1. Sequence gap at least 6, Cα distance under 8 Å: using those rules, report the relative contact order of the chain to the nearest whole percent.
2. Please arrange Thr332, Thr75 by how many other C-beta atoms lie within 10 Å of their C-beta, fewest to most.
3. Please list, in order along segment 308-320, the HN-Hα scalar couplings obtained from phi with the Karplus expression 6.51 cos²θ - 1.76 cosθ + 1.60 (θ = phi - 60°), rounded to whole Hz, x for Gly and Pro.
4. Check which residues have an amide H placed less than 5 Å from Leu92's amide H, if you skip close sequence neighbours.
5. Can you work out D for segment 88-169 in µm² s⁻¹ from Stokes-Einstein, where Rh is the Kirkwood radius over C-alpha pairs, the temperature is 10 °C and the viscosity is 1.306 mPa s?
6. Using Cβ counts within 10 Å as a stand-in for footprinting exposure, how do Glu190, Glu200, Glu118 rank, fewest first?
7. Relative contact order, percent, of segment 69-128 when contacts are C-alpha pairs under 8 Å separated by at least 6 residues?
8. Using θ = phi - 60° and the Karplus form 6.51 cos²θ - 1.76 cosθ + 1.60, what ³J(HN,Hα) does each residue of segment 269-283 get, whole Hz, x for Gly and Pro?
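What follows draws every value from the coordinates through simple rules; no lab data is involved. Owing to the predicted nature of the structure, the values given are computational and were not obtained by experimental measurement. When we count neighbours, we look across all protein chains shown, and the Cβ atoms used for this are built from the backbone with ideal geometry, even at glycine.
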Amino acid sequence: MAEFDPQPDRDEPLAEPAALDSAALSLPADRRIVDRLFRAGVLDDRGRQEALRLLSGPVVWWPWIDRALLFLGLTLALVGVVCFFAWNWDNLPGIAKLGLVQIGIVACCGVAWWKGLESTIGRAAQVGASVLVGVFLAVFGQIYQTGADEWLLFAGWAGLILPWTIVARFDALWILWLSIVNVALSLCWEQTFSQAFDWEFLMMTLGLVNGAVLGLREFGEQRGLDWLQHRWPRHLLVVATLTPLICPVLVQIVDDAFLGDISWLAAVVFAGVLCVTHLYFRHRSPDLFALACTVTCVCVVVTFLIGKVLVEAIQDGIVLVLIGGVIIGVVTVAAMWLMRVAREIRRTDNGEAAR
């Protein structure tokens, strides 16, 4: 891209506006472009401040507030549907219970088709239809008393909404689907496999399933899928991956009774996932929040290890003061490292913007 001339020749005629329209309209309105124009001399300091004010003002916040209010209203409406059935359960015949839920599903699907799958209202309708499918399965199970375990309801719910979740290409709907899968796996272990497998297997399964979805999301983003450009699903998936994996490690540190082959396997899996997460979000796709999550996990494990050693070595109240000092020291070191990484990421972004 040609560099801007900060002091153009005043005698040189200006380019035709039509020739500049296509190039100007193709530039994204973000902070990087404003900084590039400022460094090139096209914008002075006052113009830069005004441009940044516009970018961080209603242009950015109002769409978010609009969508947040829409989905909040949808949540309240769905909660109202559930409360309606709970309050009037004994007074409604079976056909009315099933019919009302099916009418709601058809209505949501109709709104999504009418407004379009990519529109905000259409996406809200897709979420509503997905939730109502679970309500329908719950009502069906209460009416006919099939005797099936609860995890089958959630598994069937996830299976039924999977096709339109794939078609919708909506990250919030994928998060809803993954949450249902997590509940189904938890109930399946509790009701079916708790006697055969330790709870560490459940934690590893949840962490690896969520991690697999995170990996698929990152693969899709690298392939250029536009609907995967939002960062909040990535951050949520990172937390959902690391949280169940760290639990067996902490229990293993606190209570020696949990030491065993499965506990060591859980620790190895947790360490491997931490390494992969650190390498990817540090070098391949820098993300400060994801790195902060990995560092937080390391800080928690280190604090638990040092705290256990101090408690076993020192039988005195001063151990609490020492543990407090350890926490302060560990957090300080982690914060200093994160600030250094943040500066490196900022320099990298500025270098790419300058090019």
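1. On the way: 250 pairs, mean separation 37.0, N = 355.
10 percent.
2. On the way: Thr332 10, Thr75 14.
Listing Thr332, Thr75 from fewest to most nearby Cβ atoms yields Thr332, Thr75.
3. My calculation for segment 308-320 gives 5, 4, 5, 5, 6, 8, 10, 9, 7, x, 5, 4, 5 Hz in order.
4. Excluding prolines and chain starts, which carry no amide H, there are no hits.
5. Working: Rh = 13.5 Å.
Rounded to a whole number, D works out at 117 µm²/s.
6. Working: Glu190 14, Glu200 25, Glu118 11.
Going from least to most buried by this count: Glu118, Glu190, Glu200.
7. Values: 29 pairs, mean separation 20.3, N = 60.
The value is 34 percent.
8. Result, ordered by residue: 4, 4, 5, x, 5, 4, 5, 4, 4, 5, 5, 5, 7, 9, 10 Hz.
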